[in-house]
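The values are calculated or read from the model by the stated rules, or taken from the named source; none is laboratory data. This is a predicted model, so every value here is computed, not measured. Backbone-built Cβ (ideal geometry, glycine too); neighbour counts: all protein chains shown. Remember, those area values only see protein heavy atoms, side chains included, never the ligands or the DNA or RNA. Shrake-Rupley method; radii C 1.70, N 1.55, O 1.52, S 1.80 Å.
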Amino acid sequence: MRTPEALPEEKKIEYRLLKEEIANREKQRLIKSDQLKTNSSSPANSDVEIDGIGRIAMVTKQVSDAEAKLKKHRILLMKDESVLKNLVQQEAKKKESVRNAETKIAKLTEQLQATEKILSVNKMFLKKLQEQIHKVQQRVTVKKALTLKYGEELARAKAVASKEIGKRKLEQDRLGPNKIMRLDSSPVSSPRKHSAELIAMEKRRLQKLEYEYALKIQKLKEARALKAKEQQNIAPVVEEEPEFSLPQPSLHDLTQDKLILDTEENDVDDEVLSGSNRERRRSFLESNSFTKPNLKHTDTPNKECVNKPKNTVEKPELFLGLKIGELQKLYSKADSLKQLILKTTTGITGKDLCGQEISVDIDFVTAQNKTTEVKPFPFSPYHSPLLVFKSYRFSPYYRTKERLPLSSVSYSNMIEPDQCFCRFDLTGTCNDDDCQWQHTQDYTLSRKQLFQDILSYNLSLIGCSETSTDEEIATAAEKYVEKLFGVNKDRMSMDQMAVLLVSNVNESKGHTPPFTTYKDKRKWKPKFWRKPISDNSSDEEQSTGPIKYAFQPGNRIKVPALDTVVTPDDVRYFTNETDDIANLEASVLENPSHVQLWLKLAYKYLSQNEGLCSESLDSALNVLARALENNKDNPEIWCHYLRLFSKRGTKEEVQEMCETAVEYAPDYQSFWTFLHLESTFEEKDYVCERMVEFLMGAAKREASDILSFQLLEALLFRVQLHIFTGRSQSALALLQNALKSANDGIVAEYLKTSDRCLAWLAYIHLIEFNSLPSRFYDPSNANPSRIVNTEPFIMPWQTVQDVKTNPDMLLAVFEDAVKACTDESFTVEERVEVCVPLYTNMIALHQLLERYEAAIELCKCLLESCPMNCQLLEALIALYLQTNQHDKARAVWLTAFEKNPQNAEIFYHTCKFFILQNQGDNLLPFLRKFIASFFKPGFEKYSNLDLFRYLLNIPGPLDIPARLCKGNFDDEMFNHQVPYLWLIYCLCHPLQSSIKETVEAYEAALGVAMRSDIVQKIWMDYLVFANNRAAGSRNKVQEFRLFTDLVNRCLVTVPARYPIPFSSADYWSNYEFHNRVIYFYLSCVPKTQHSKTLERFCTIMPTNSGLALRLLHHEWEESNVQILKLQAKMFTYNIPTCLATWKIAIAAEIVLKGQREVHRLYQRALQKLPLCASLWKDQLLFEASEGGKTDNLRKLVSKCQEIGVSLNELLNLNS
């Protein structure tokens, strides 16, 4: 039987429709029957029974139909499920096949890419091989020609020699027997025999020379290979090996194998090579590719001819008598991890400003750190701050500080940013009436346009809105101006009327000065208008008529492509024709004395991407060598040349060129470059000694501040070099002889008094701590280096036990220093001012020894000569406070203030003293007295803050007449007082006004350009104020967030890069202030968050060595040795020349028994600090403690002796 499922798809649809239609008809019939039943009356029972029987039959039929339907649908469902299952299985199989196909495609793609790489590399190598073959072929042809020529010359020389011998023999035969010169023992010999013997002798001599030169060449190559091997061992560079290896062409420059015996052969080469036709100017490398300057000098002092005082190398046997057990005992006495951390962080964790801890929920702090570190900032459309550039006209600072009128074209204009300026109008006059570019007269605002421009910031003021037309706005603005000024319109200038309009707009917007700029974009503004081409009206007609606004974009003329797209052919702004190598070569030939052109050409060659790096380096050296031939006395060229030459020349060649440099261009920078290119102690010490002698001679001829500083720097560098290499006794002797030797011509005589004072402080520091002051040098670089900071300092004594020398003898040394730094030509006050660094250290020593009376007497004696010196005043007050004499301490500041009521610096320190003593309320009368000293009678009705605002030129609500200000001080003195006036204004603001106004005062102070030390003081006072506000606030979470943001802004805005003294090109990173801010912030944060906070700041400042040591100290306090090890190892990469981090990292590995890693750390550390005797000593003791072999110890000792490191003093071998 055929079922409906067996029907085709079209028949199934038709069958379904028919079935639905039958069901609908059945429903309608049932509905009609129900209606008939309800409408008709049923008196007879027979009718009811008939209806009931019919209904039962009908319902039974419906049930059977529904069952049949259900059965059919279940059958259909089972079939569909089986079909679905089959389809799913097929889909899975297809997916697997597709995945396999994609994998095959990916593998084939990778193989294709690898094959393309191989092809490109092969092509590159083939090209290089072809180039090298071409070069060698050229050299071979030249050598063949020279060989033929030299062969002819040899034959000619032999013939001439034989003729000469024959002639000489004949002459000898004619002469008497007494004058016969016999060449051998034979009494008689023929001329032919003599000639043959001479030729044989000459041949033997040439063979001997050939053998000697061959030996020399072999030794030279072996030395180069040995040096390259040592460099690889010292600084191994891990390179990724290619997946395939191909034979590479030799990178060796074949011209370097040429031996130049004398100048005659060079002349012959030049003659041979000069035969080519020179139709064009050849480049430098084509003409000659030498890399050394051809300088004709009498004697270049080589290592052999210079009387260089070489120290006798200590014999390795010195350590052989020292037993392993003794070395192990010394190792057991070495500093542990705890001692190292305490030593390195002694000066870091003390004397920091502490704030009030803000009790914030720890979860909030953690969440805040996470949000600040992890949460990415979402991308958004860029909004330029320059869009509100013109709204600066509404600020009071626009007229008070910038002193610009409102009609200034810089701010009031209709410049169209997308339209080019007319080049003729910019350089002169544009005579084209139909020119479509922007001209000055087009974008300059007229009187009406300026008023409309100002009023456009608030269109509702003139009764207009965004939907108003341009003509309506112009008419409304003109009516508003007529109504506002009336008859005074002609009496006032345009700028005066504009100022009044600005004031009205600010009032209508509700803005209060100084916050009167507009951040929202204007809905309407006057726009640039350009006259059409067909318009022949004059400029006067345009300016007098109604304002016309921007035309439709469709009417704009297209800008030429050359003006919109920058191509390599375009010449823009500061570029010129000398950027091309050929043009640069022509320029230096025309101006051979132009140093900068030579340097530009050299580095242009060096930065070329074509060819090999060695070829670029040779090209740059060739250029600099030519430059030196024309400018042999220029130290700048020599320094660049030596730095580049040191990358390719041997050690002996580099030393020779350095000697030549200091011979022709004896200069401080030349000597300094020479010094850094030397590697061993003896070489560096010798160069440094010569540099000191050179500077002494220069200072003897003409004294100057820079020469004095350079002499101090060179002297202390030599002392630091001796200390660093383990020669503390010789370092002390050097510095002592330089300061107070009995011989004439000591170094101190050529130093200025301030530099001499620093030298004496360094000498005393060396006596006490066996090192030079760390404040002189970059803390992240432990190698001997240049002085970066010349600020005075206090000796880092912590306890009485830190004083090594007898106190009386130490005070006597201070007295000698004061005597040596006293210049009789100075006044008494100037003498004391110069020696203040020495005096403050003397006072600190008295205070440490608890000799308070002597210290107080010394302070009082010095203050009699310098009553206004704040350093001495602070030292005296610290003594009074330590002896609990608070009244006397207060009297010191008040007395100094009474004597100089206009001295802002003294009054600032007085205010700080009162606030720190919690006596801020007692300060207000003195504040009034201080500010009154600047004004005449009549100022009484003004408040202190109003008077400060007048002195500091801050806009305020009141206008103080200028006649009330005293004129008893000049501009220079007042300018010196202004920074401290700002400090006083901000510091005393919380005592007289609200928190909001105090914040505004600090923000205004930070916006004024001042010295860096003043800015740092403002920031510290600001942070202390913010900390006190957050600690006393109810909403601590919000205040702590503001305080954290303020700290972050402080760290970001205050610079950390400072130039080194007397140099504008060299900089160093000084994080001293940043660390003070961070330590203050840590005191305000719960201790549980110190570790995360320090880590966060370390990621911001990865080269901050002080902060790194503070983090390591904190991890050690928390007993996190594993984390300490990881952090220290990370810092060895971030700060590779910091000795303290290396020692802590090694000590942590030793604690955790990582012996293999200790060897690696020592190897890496000695690569960065090769002359550090302390590291060499530690490694020697570590090897001995591990039961190291005697051969390994001997190798370490011989390496130390090779580079000049002495371990005698560190191991107490001299005792």
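Using θ = phi - 60° and the Karplus curve 6.51 cos²θ - 1.76 cosθ + 1.60, what whole-Hz ³J(HN,Hα) does each residue of the stretch 1020-1031 get, with Gly and Pro shown as x?
5, 5, 5, 5, 4, 5, 5, 5, 5, 5, 5, 5
Could you list, in their original order, any pairs among Lys1087/Lys1129; Lys343/Lys888; Lys338/Lys651; Lys32/Lys72; Lys117/Lys1129 whose Cα atoms are separated by more than 32 Å?
The answer is Lys343/Lys888; Lys338/Lys651; Lys117/Lys1129.
Starting from 0.36 nm per residue, how many nanometres of slack lie between Ile13 and Ser508 once their C-alpha separation is accounted for?
Here the answer is 170.5 nm.
With contacts defined as alpha carbon pairs under 8 Å and 6 or more residues apart, what's the relative contact order of the stretch 648-767 in percent?
This gives 19 percent for the stretch 648-767.
After finding the eigenvalues of the alpha carbon gyration tensor for the stretch 793-928, what semi-axes result from the square roots of 5 times each, listed largest first in whole Å?
Its equivalent ellipsoid spans semi-axes of 29, 20, 10 Å.
Could you list which residues have their amide H under 5 Å from that of Asn900, counting only those 5 or more apart in sequence or on another chain, with H placed in the peptide plane?
Answer set, sorted by chain and number: none.
How much length is gained if the chain between Asn806 and Glu5 is pulled fully straight, taking 0.36 nm per residue apart and subtracting their Cα-Cα distance, in nm to one decimal?
Extra length from Asn806 to Glu5 when fully extended: 276.6 nm.
Using the Karplus curve 6.51 cos²θ - 1.76 cosθ + 1.60 with θ = phi - 60°, work out ³J(HN,Hα) for each residue of the stretch 5-19 in order, rounded to whole Hz, and write x for Gly and Pro.
6, 7, 5, x, 5, 5, 5, 4, 5, 5, 4, 5, 4, 5, 4
Would you mind listing how long the stretch 877-951 runs along its three principal axes, going by Cα atoms, in whole Å with the largest first?
Over the stretch 877-951, Cα extents along the principal axes are 44, 23, 16 Å.
Using 7 Å Cα-to-Cβ label points, what is the Lys1199/Leu1042 separation (nm, one decimal)?
5.9 nm
Send over the per residue convex hull volume for the stretch 606-699, Cα only, as a whole number of Å³. Mind dumping the intermediate values first?
Numbers: hull volume 8.3 nm³, N = 94.
Output value, Cα hull per residue: 88 Å³.
For the cross-link pairs Lys143/Lys221; Lys483/Lys519; Lys899/Lys966, which exceed 25 Å when the distance is taken from alpha carbon to alpha carbon?
Working: Lys143/Lys221 22 Å; Lys483/Lys519 29 Å; Lys899/Lys966 18 Å.
Where the Cα-Cα span goes over 25 Å, the pairs concerned are Lys483/Lys519.
Restricting things to Cα coordinates, could you compute the convex hull volume per residue of the stretch 819-899 in Å³?
Cα-based convex hull of the stretch 819-899, divided per residue, equals 79 Å³.
For Phe935, what residues show an amide H to amide H distance below 5 Å, using hydrogens built from the backbone and excluding near sequence neighbours?
The list, which skips near neighbours in sequence, is Lys966.
What's the Cα-based Rg to Rh of the stretch 934-1022, Rh via Kirkwood?
Result: Rg/Rh = 0.96.
For the stretch 1035-1176, state what percent of all Cα-Cα pairs lands in each successive 5 Å bin, counting from 0 Å until the bin that includes the largest distance.
2, 9, 17, 18, 17, 15, 10, 7, 4, 2, 0, 0
Using a/c under 1.5 as the rounded threshold, could you call the stretch 747-801 rounded, prolate or oblate? The axes a ≥ b ≥ c are square roots of the C-alpha gyration tensor eigenvalues, and prolate needs a/b larger than b/c, oblate otherwise.
Oblate, since a/c reaches 1.5 and b/c is not below a/b.
For a quick check: with amide H placed at 1.01 Å from N, whose amide H comes under 5 Å from Tyr777's, ignoring anything fewer than 5 positions away on the same chain?
Val788
Using mean Cβ contacts within 10 Å as the protection proxy, how do 213-222, 921-930, 1137-1146 order, highest first?
Packing order, densest peptide first, comes out as 1137-1146, 921-930, 213-222.
With an 8 Å cut-off on Cα pairs and a minimum separation of 6 or more residues, tell me the relative contact order of the stretch 581-664 in percent. Let's see the in-between values first.
Numbers: 66 pairs, mean separation 18.9, N = 84.
Reported as a whole number, the value is 23 percent.
Mind listing the phi-derived Karplus ³J(HN,Hα) values for the stretch 852-867, rounded to whole Hz, using 6.51, -1.76 and 1.60 with θ = phi - 60°, and x for any glycine or proline?
5, 5, 4, 5, 5, 5, 5, 4, 5, 4, 6, 5, 5, 8, 10, x
Given 25 °C and 0.890 mPa s, compute D for the stretch 1028-1104 with the Stokes-Einstein relation, Rh being the Kirkwood radius over Cα pairs; round to the nearest whole µm²/s.
Estimated diffusion coefficient is 173 µm²/s.
Rank these by accessible area, largest first, 1.4 Å probe: Glu682, Glu507.
So, going from the largest accessible area down, we get Glu507, Glu682.
Using the heavy atoms of the protein chains and a 1.4 angstrom probe, tell me the accessible area per residue for the stretch 996-1118 in square angstrom.
Dividing the accessible area of the stretch 996-1118 by its residue count gives 43 Å².
When you count, for each residue, the other Cβ atoms within 10 Å and take the mean per peptide, how do 493-506, 130-143 rank with the highest first?
For the peptides 493-506, 130-143, the packing ranking is 493-506, 130-143.
Over the stretch 1121-1195, one equal point on each Cα, no solvent: what is log10 I(q)/I(0) by the Debye formula at q = 0.14, 0.21 Å⁻¹?
Summing over Cα pairs of the stretch 1121-1195 leads to -0.42, -0.90.
Seen from all sides and averaged, what is the projected area of the convex hull of the Cα atoms in the stretch 91-130, in nm²?
2.2 nm²
What is the log10 of I(q)/I(0) for the stretch 678-788, computed with the Debye formula using one identical point scatterer on each Cα and no solvent, at q = 0.13, 0.17, 0.19, 0.23 Å⁻¹?
-0.44, -0.78, -0.99, -1.46
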